[in-house]
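Everything below concerns the one structure shown next.
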Amino acid sequence: MSEVIVVTSGKGGVGKSTTTANLGVGLAMRGQKVVLIDTDTGLRNLDLLLGLENRIMYDLVDVIEGRVEIRKALVRHKKFENLQLLPTSQVKDKSAVNPADLMALCDELRKEYDYVIIDCPAGIEQGFQTAIAGADTAIVVTMPEVSAVRDADKIIGELGRSEKDNIKLIINRIRPAMVDSGEMMDMDDINDILAIKCIGQVPDDIKVVTSANRGEPVVGDNDSQAGKAYANIVGRIMGEDIPFMEFEKEGFFAKLKKAFGM
Amino acid sequence: MSRDLVTIKGGKDGFRLLVDSSASMEEIEAEIKKKLEENPGFFPEGTKFELEVADLDRSVKKGIDQLLSKHGFGVDKSPKADNHTADNIRGIKKTGQPEQTTVQEMMVLNRTIRGGEEVTSQSSILICGNVNPGAHVIAGGSIDIRGKCRGMVHAGAWGDTNAVIIADRLMPSQIRIANMIARSPDSMEQSDFAERAYIKDGQIVIEPIER
Ligand SMILES: Nc1ncnc2c1ncn2[C@@H]1O[C@H](COP(=O)(O)OP(=O)(O)O)[C@@H](O)[C@H]1O
Ligand SMILES: [Mg+2]
């Protein structure tokens, strides 16, 4: 049974593309056949996060407009041949793709892949409506920040009105020390407001950025808290019951250990 | 302050516009304008008001019609006359307040009301779920929230000063009852019990309740 998942947020810059890339690689590492679709036209960056920029020949708009077959436009991941990317265009008009087009495309890809994951643009305009059209599941990414949670709340309402009822939450860029000191919203507050099932709590981790720069998502890197958190999310998506981890605090001893390279 | 020359009430069949027949057209016009501007965006475009005018002048009726259509509204030309008669208007004159509406319906919602959402009903509203920040709940009657209220709530929105607001946790950004507004303190203390807000001696007061 294959699943079409849309990764969305409302607010930009909260980690949609990062999440999409990490879930894609993580699921591929677990042997799943995965295709990622970038629908954030004009702000293409999923290819960068996956280190595939120089391999792009065609894009989503070419496929929708019938210039090439899907198969030809898919870019295969260097390391995981069961992971493919359907990139988007940086130059073409974003209104070129409508909800019905994407729905038809998802249904086509469903036949061959275990997971189709769609990276959604920010906002609730047409791009959002298009991105969610073919999805069975929506993953809403938010951050422990009042404005990001507000936007997530709106997006959840919007998804409900579009009859998308299977909605999961990922809270990204958590800083445990700030949560403890009350400077950041805590997980219970966020879950209380958003009231949807939380499948991931990802700490703020510099390794997310450095690994993205190398084009290798951090998932599965056991030296990274975020890497572990993404691997846990992958497991939960595959139906495993994995408890949420306790974050290490950047306390005195942690810093000391780092200083000595421990 | 003198009593209202114009009262807008929510009923089962739509909005009713009650006009004091002793008022002049200028006074009525000013009142209606004020009422509409007090609640911008409150009445959906194209709303038809049922005019309650037992002995209003034809020219005044026409004036009201024109005024409303200027605002994108209209007058319901086929009022269901029977129970809304001149007596109603006299009742208002006496007490200076709209009398209890005959409608005792309640809108019931079993879900979270999320940011950006607006729930409006001319009756009372019962919500089994949270009202989130950025959500608006507007009722002609009272509002009862079986959950946490963090949004904006307006009870008695058409002037019913007897309306109340109840929530398991009352921590809204703003409470309005009839034409009174209470804003939450900038740093909100967490409430640990159910509370009720109502108007007492011309002020919105909040008190804990058992439930
Ligand atoms: N858990 C994290 N820790 C640190 N940085 C992160 C984390 N998640 C995302 N980022 C960074 O935040 C920025 C925005 O992320 P991105 O995935 O592009 O957001 P979106 O696609 O929602 O606009 C990027 O620079 C990314 O590297
Ligand atoms: Mg992005």
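Residue selection: residue A:130 fails the criterion of being within 14 Å of another protein chain (Cβ to nearest Cβ) and in contact with an Asp or Glu (Cβ under 8 Å, 6 or more places away or on another chain). Checking each residue in the range A:132-149 for being within 30 Å of residue A:186 (Cβ to Cβ) and within 16 Å of the chain's Cα centre (by Cα) picks out A:132, A:135, A:137, A:138, A:139, A:140, A:141, A:142, A:143, A:148. Annotation: of all residues in the range B:122-140 being in contact (Cβ under 8 Å) with a residue 40 or more places away in the chain and under 10 Å from residue B:107 (Cα atoms), the one that is surrounded by the fewest Cβ atoms within 10 Å (Cβ to Cβ) is B:123.
Candidates are the residues of the range A:5-39 that are away from ligand 2 (no atom under 12 Å from the Cβ) and under 17 Å from residue A:156 (Cβ atoms); the one that is farthest from the other protein chains (Cβ to nearest Cβ) is A:5.
Flag: residue A:72 does not match the condition of being under 22 Å from residue A:134 (Cα atoms), within 14 Å of another protein chain (Cβ to nearest Cβ) and either more than 15 Å from ligand 1 (Cβ to nearest atom) or at pLDDT below 95 (or both).
Please state which one of A:168, A:154 is away from ligand 2 (no atom under 16 Å from the Cβ) and closer than 14 Å to residue A:198 by Cβ.
Numbers: A:154 fails: closer than 14 Å to residue A:198 by Cβ.
Residue meeting the stated conditions: A:168.
Apart from one condition, residue A:20 fits all of (1) hydroxyl-bearing (Ser, Thr, Tyr); (2) more than 8 Å from ligand 1 (Cβ to nearest atom); (3) modelled with pLDDT of 95 or more; the exception is (2).
The values are calculated or read from the model by the stated rules, or taken from the named source; none is laboratory data. Quantities reported herein were computed from a predicted structural model and do not represent experimental measurements. Cβ coordinates were reconstructed from backbone atoms using ideal geometry, including for glycine residues, and neighbour counts include every protein chain displayed.
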